[in-house]
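**Student:** Shown below is the structure under consideration.
The values are calculated or read from the model by the stated rules, or taken from the named source; none is laboratory data. It should be emphasised that the depicted structure is a prediction, and the values quoted were computed from it without experimental measurement. With ideal geometry, Cβ positions are generated from the backbone for all residues, glycine too; neighbour counts draw on all protein chains shown. The accessibility values were calculated without ligands, DNA or RNA, using every heavy atom of the protein model including side chains. Shrake-Rupley method; radii C 1.70, N 1.55, O 1.52, S 1.80 Å.
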Amino acid sequence: MKYQANSTALSQSTDCLIIGIYENNEFTKSFNEIDQITKGYLSQLAQSQDLSGKIGQATLLHSLPNLAAKRVLVAGCGKKGETTERQFKQIIQRVTQTLKELNIQQAINNLTDVEIKDRDLFWNVRFTVETIEHSLYQFDEFKSKKADAISLQEIVFNTDDAQAQQAIAEAQAIASGVKAARNIANMPPNICTPAYLAEQAKNLAETSTALSLDVINEEEMSKLGMNAYLAVSRGSQNPAYMSILHFNNAPDKNAKPIVLVGKGLTFDAGGISLKPAADMDEMKYDMCGAASVFGTMKAIAELNLPLNVIGVLAGCENLPDGNAYRPGDILTTMNGLTVEVLNTDAEGRLVLCDALTYVERFEPQYVIDVATLTGACVVALGQHNSGLVSTDDALAEQLLQAAQQTTDKAWRLPLSEEYQEQLKSPFADLANIGGRWGGAITAGAFLSNFTKKYTWAHLDIAGTAWLQGANKGATGENAIITSVKKANIIVAPVSITMPNSMMGEVTSKVSEAVVES
């Protein structure tokens, strides 16, 4: 899709002009301008209630007088001055669907003049591009009959604001990362194994001179003492691989890196603590944290951000067989802490604890891990917010600001000493679960024991990584890219996930019996 921004005469020829109308017959600037060109034709339609300003309404008009455009699409934008981000997303989704159904090739978008609470034109343009790309996404790789090609080829934003083109460039890079995250996450688990994740990381590393890749195999993990990670992998014939993407592009090449760690359980059957059969196919999405990190690294490379960033894809598979780890096992982690296994379906934290210890060697500026970690987080926050746990208030606040900037919502959960009490074991330093209560928090508390040498935050995206039902699939909106340019927090729709940051919107059906999503 081609996007451009320029001040365009509304009288010029195009397949479709897109304009907005508010409720109560209040008009946008472009509506008034076209109304003047057509000598009051639009306002007459509005007064006769043939045009609606309600959110989600779209009216297509043909061959308006004195207008060269073949069509005019009038989108309802709600009450003037009260249009929210969510409503604006609904508007763009409806407009995109209409353009797609009409086989329109080129359109001029005048919704840049829609007033959105607390947002500017830059955000309007960027968010529009991201929403269009997300709406046009198709995954039909395994269908014998492919989806029809999308005819829409070009969107022109009617604005002379100098920042609009920059907003387009950023949005396209983010959308590219989101698409990559969704593609990997939607792959079936017989294709998307830990080795597949490593191969995709290799392909990505070849696209930029600033990117390089290290892959840690099981033999190397064993030498490093990553026994918790390896225990989870033992029940699978597909070996674990930890893929480490290095993006070195800071002016100071020795600048401390931002490190992103993504949980990459390419399939999670729960191990010996077997999950319920219903909806188990969706456990291919237990690698959405890794997919989100992958998409973020792709977006960062395309934006060529002046940063040093390391993305870790912690690939693994959790299956039951005669060699699988068991409830009651005690594991010695890479940092020396021992863990009593009470539930093998709380495996993500066992993979992550060793990955989080491994990244100490990078002397990071800070570390953010992203994981579809707990069903408890979905119970607590539903489908609309990722759970945020951090030992550092400043980092937590930056992430919350990034989530707000990208509309990829996150909510900070408490992390106090009482939650560590729930992780006590009579036989080991820690238990891998803390009981039924506060499960999303105790999972974060568990991880915090392995992050004491750097600044750290954890994003639980179990509720925001994928959709169920008719729209089943990865959201890719789990944001980790958002304000990485500013103070160096990268949280933007990528999830994969997430996915409005590694952070996004997703649904997950949770059984009380399931400890981890």
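**Student:** Work out the FRET efficiency for Glu219 and Lys2 from their Cβ-Cβ distance, taking R0 = 41 Å, and round it to the nearest 0.05.
**Tutor:** It comes out at approximately 0.30.
**Student:** Further question on the same structure: Beyond 13 Å, what share of the Cα-Cα pairs of the stretch 135-178 is found? Please give it as a whole percent.
**Tutor:** 70 percent
**Student:** Expressed in nm to one decimal, what extension gain is obtained for the pair Glu23 and Ala162 from 0.36 nm per residue of sequence separation less their Cα-Cα distance?
**Tutor:** The span from Glu23 to Ala162 would gain 47.0 nm if fully extended.
**Student:** Something else: In the stretch 50-159, carbon and sulfur make up what percent of the accessible area (probe 1.4 Å)?
**Tutor:** Carbon-and-sulfur percentage of accessible area, whole number: 42.
**Student:** Also, I was wondering about something else. Is there a pair in Lys29/Lys54; Lys202/Lys256; Lys2/Lys100; Lys89/Lys146; Lys202/Lys253 whose C-alpha atoms are over 19 Å apart, and which pairs would that be?
**Tutor:** Checking Cα-Cα distances, Lys202/Lys256; Lys89/Lys146; Lys202/Lys253 exceed 19 Å.
**Student:** Mind grabbing the base-10 log of I(q)/I(0) for the stretch 231-314 at q = 0.19 Å⁻¹? Debye formula, identical points on the C-alpha positions, no solvent, two decimal places.
**Tutor:** For the stretch 231-314 at q = 0.19 Å⁻¹, log10 I(q)/I(0) is -0.84.
**Student:** Now for a different question. Would you mind telling me the antiparallel percentage of the DSSP bridges in the chain, rounded to 5?
**Tutor:** So the antiparallel bridges in the chain amount to around 45 percent.
**Student:** At Gln36 and Lys253, where each label point lies 7 Å from the Cα along Cα→Cβ, what is the point-to-point distance in nanometres?
**Tutor:** 5.8 nm
**Student:** In whole Hz and in residue order, list the ³J(HN,Hα) couplings for the stretch 31-47 that follow from phi through the Karplus curve 6.51 cos²θ - 1.76 cosθ + 1.60, θ = phi - 60°; x for Gly and Pro.
**Tutor:** Couplings: 4, 5, 5, 5, 4, 5, 4, 8, 6, x, 5, 5, 5, 5, 5, 5, 5 Hz.
**Student:** Distance in nm between label sites at Ser135 and Asn66, each 7 Å beyond Cα in the beta-carbon direction?
**Tutor:** In this crude label model, Ser135 to Asn66 measures out at 3.0 nm.
**Student:** Rounded, prolate or oblate for the stretch 140-285? Axes are the square roots of the Cα gyration tensor eigenvalues, ordered a ≥ b ≥ c, and the cut-off for rounded is a/c under 1.5.
**Tutor:** Cα axes put the stretch 140-285 in the oblate bin.
**Student:** Another one. So what J values fall out for the stretch 404-409 if you push phi through Karplus, 6.51 cos²θ - 1.76 cosθ + 1.60 with θ = phi - 60°, rounded to Hz, Gly and Pro as x?
**Tutor:** Each residue of the stretch 404-409 in turn: 5, 5, 9, 6, 9, 5 Hz.
**Student:** What figure, in Å² to the nearest 10, do you get for the accessible area of Tyr41 with a 1.4 Å probe and non-protein molecules left out?
**Tutor:** The accessible area comes out at roughly 90 Å².
**Student:** A further question follows. In terms of modelled amide H atoms, which long-range or inter-chain residues lie less than 5 Å from the amide H of Thr391?
**Tutor:** Trp456
**Student:** Follow-up question, since we're still on this one. Hey, if you put +1 on the Cβ of every Lys and Arg and -1 on every Asp and Glu Cβ in the stretch 64-222, which of Gly76, Val156, Ala180 ends up farthest toward the positive end of that dipole?
**Tutor:** Toward the positive end, the furthest listed residue is Gly76.
**Student:** A follow-up question, please. Taking every DSSP beta bridge with both residues inside the stretch 1-146, roughly what % is antiparallel (nearest 5)?
**Tutor:** Antiparallel bridges: around 40 percent, rounded to the nearest 5.
**Student:** Based on the Cβ-Cβ distance from Asn471 to Thr84, what FRET efficiency comes out when R0 is 30 Å, to the nearest 0.05?
**Tutor:** Working from the Cβ atoms, E equals 0.90.
**Student:** Can you give the Kirkwood hydrodynamic radius of the chain from its Cα pairs, in Å with one decimal?
**Tutor:** 23.5 Å
**Student:** Got a sec to turn the phi values of the stretch 344-354 into Karplus ³J(HN,Hα) couplings, 6.51 cos²θ - 1.76 cosθ + 1.60 with θ = phi - 60°, whole Hz, x for Gly and Pro?
**Tutor:** Computed from phi, the couplings for the stretch 344-354 are 6, 8, 9, 8, x, 5, 6, 5, 5, 4, 6 Hz.
**Student:** I would also like to ask the following. Run the Debye formula on the Cα coordinates of the stretch 52-119, all scatterers equal and no solvent, and tell me log10 I(q)/I(0) at q = 0.21, 0.27, 0.29 1/Å.
**Tutor:** So the normalised log intensities work out to -0.91, -1.27, -1.37.
**Student:** What residues qualify as long-range amide H neighbours of Lys80, i.e. H under 5 Å apart, gap of 5 or more or another chain, H built at 1.01 Å from N?
**Tutor:** Amide H neighbours of Lys80: Glu23.
**Student:** Given only helices, namely DSSP H runs of n ≥ 4 each adding -39500 (n - 2.57), what is the per-residue ellipticity at 222 nm of the chain, to the nearest 500 deg cm²/dmol?
**Tutor:** The helix contribution divided over the chain gives -9500 deg cm²/dmol.
**Student:** Length gain on complete extension for the stretch Lys146 to Asp321, per 0.36 nm per residue less the alpha carbon to alpha carbon distance?
**Tutor:** Extending this stretch completely gives an extra 59.2 nm.
**Student:** Gln420 to Gln105: FRET efficiency via 1/(1 + (r/R0)^6), r the Cβ-Cβ distance, R0 56 Å, to the nearest 0.05?
**Tutor:** For R0 = 56 Å, the calculated efficiency reads 0.40.
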